[in-house]
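The values are calculated or read from the model by the stated rules, or taken from the named source; none is laboratory data. Worth saying up front: this structure is predicted, and the values here are computed from it rather than measured. Ideal geometry is used to build each Cβ from the backbone, glycine not excepted, and the neighbour counts take in all protein chains shown. Ligands, DNA and RNA are excluded from the accessible area calculation, which covers all protein heavy atoms including side chains. Shrake-Rupley method; radii C 1.70, N 1.55, O 1.52, S 1.80 Å.
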Amino acid sequence: FIFQNKNIASSMKEGAMTGIARYFFTGRPMANQHQTWSDIYVTYWKSHYKPAFFVLSAYFIYRILAAQNCGQGRLPMILVLLSCTSWLITPIVFSPFPRWTLIRQDLREFNSFITGEAGTVEADIPDVVARGKKGTVRTLYECGLASEMSFWTESQLFMLVLSFLVKAAVAIFLLAALPAEILDFLPIFVVALSLTWVVLLGYFFSGLSNCFLVLSFLVWPVTALFAHLILGDRIRQPDAWTLMPEYVISLTFFLFFLGIAKGLVLIICRSINSLLSCLSRKGATGRMHECIRVCFVYFFVHQLQFVEAYVVLLLNLAVASAMAAVDRLLCNSHTWLLLNSEMARTKHTERYMEKSATFFEQDYLGHGLDLWASDSEFEGSPQQEREVSDVGSLA
């Protein structure tokens, strides 16, 4: 119920932002068909996973702030946790046939999906856009880039500007409300971002080598090790646990500002492409796609999705392993509850109807009953069939 309501909410939100009524998958695939983890991620990453991570980040900040006061006055927020948990694990809980072989296969495929290089070349942009509309993306990069291109090219410019102004108003309010001590840590993230941009420049000049993309992740922990050279003793006083809320809130605030900066850049690019009527529409669209592609990496959109995807992978592994253990130890109870008793009788090392008839047929064929071998059009008992024949002969 919670998962389905999130589908409805996401559909209404996207329809209001883009003016396009797209089909949203409701989460009810073929009952006896196993969905791969990569297919599940492509279907739900934007409607369920991304909002769940956003809400959980806010909840984590709330918890560490409350911990500074020994938890006094802290609310449990059970419904919030239940909703986020449902959004993250429901597709795996209701996925049929939790088998260890399928888990290993899904783990390999999903890892290849996250680290794949398909769609990173500039010449692949038209193919990325087409695959994104069909839902047949091959990698995480394609998945995120296709979504960004769809949003920034198909949404109305008025809605984009309005959304940006709302976010800017929220940012101004946060600047006025947050204590100055929290904003003291922003220079650390600015230095880390600057070094990341240098590494990403090498990423584009080297022909999109994944080595530079990995280095863009490593820049952040390395910068944190030398943070005392940027802030001096402020980074250690009074102690790390007391400063933990300031670390987390400042990082969250910085990422929020980074998203606003990306939005401003892309709105300017979109406005310029709209105003230059002397240029061909095809050329303007190509330039807009190139701007989106650059911002997708430079403003840390792909990197954040990369981290979130690996968190989803670990959650899927834990939940699927638990479901497989339940099926293994409790006589296929998960399969029986999700499907039926017929499917639950299939052994873990076999496939349903792989080498024999259904269990229903085997049970009754042992008593001499063949359900499919009757050539007569009459489906009653033999005695009733003879009575009908006698009546027909008398007539």
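FRET efficiency for the pair residue 326 and residue 74, taken as 1/(1 + (r/R0)^6) with r the Cβ-Cβ distance and R0 = 35 Å, rounds to 0.60.
Starting from the residue with the highest accessible area, list 174, 162, 229 in decreasing order, probe 1.4 Å. Present the calculation step by step, with values, prior to reporting the outcome.
On the way: 174 50, 162 80, 229 130 Å².
Output order, biggest surface exposure first: 229, 162, 174.
Largest accessible area first, the listed residues 142, 154, 122 line up as 122, 154, 142 when surface is computed with a 1.4 Å probe on the assembled protein chains.
Remark: spin-label model distance residue 222-residue 66 equals 3.9 nm, labels positioned 7 Å along the Cα→Cβ axis.
What length, rounded to one decimal in nm, is gained on full extension from residue 11 through to residue 167, with 0.36 nm per residue of separation minus their alpha-carbon distance?
On the way: separation 156, 0.36 × 156 = 56.16 nm, distance 2.10 nm.
The residue 11-residue 167 span can extend by a further 54.1 nm.
Each principal axis of the Cα atoms in region 24-155 has its own extent, and those three values, largest first, are 56, 39, 26 angstrom.
Please work out whether region 155-240 counts as rounded, prolate or oblate from its C-alpha gyration tensor, where a ≥ b ≥ c are the square roots of the eigenvalues and a/c under 1.5 means rounded, while otherwise a/b larger than b/c means prolate and anything else oblate?
Numbers: a/c = 3.62, a/b = 1.03, b/c = 3.51.
Oblate.
Given a cut-off of 14 Å, what percent of all Cα-Cα pairs of region 107-168 lie beyond it? For region 107-168, the fraction of Cα-Cα distances above 14 Å is 60 percent. Computed with a 1.4 Å probe on the full set of protein chains, the accessible area for residue 206 sits at about 50 Å².
Sorted into 5 angstrom bins from 0, the C-alpha pair distances of region 35-100 split as 3, 15, 21, 18, 14, 11, 8, 6, 4, 0 percent. Normalised per residue, the accessible area of region 74-220 is 52 Å², obtained with a 1.4 Å probe and no contribution from ligands, DNA or RNA. Taking 104, 131 and ordering them by how much accessible surface each has at a 1.4 Å probe, largest first, produces 104, 131. Computed with a 1.4 Å probe over protein heavy atoms only, the accessible area of residue 161 comes to about 50 Å².
Using heavy atoms of the protein chains and a probe of 1.4 Å, the accessible area assigned to residue 197 is about 90 Å².
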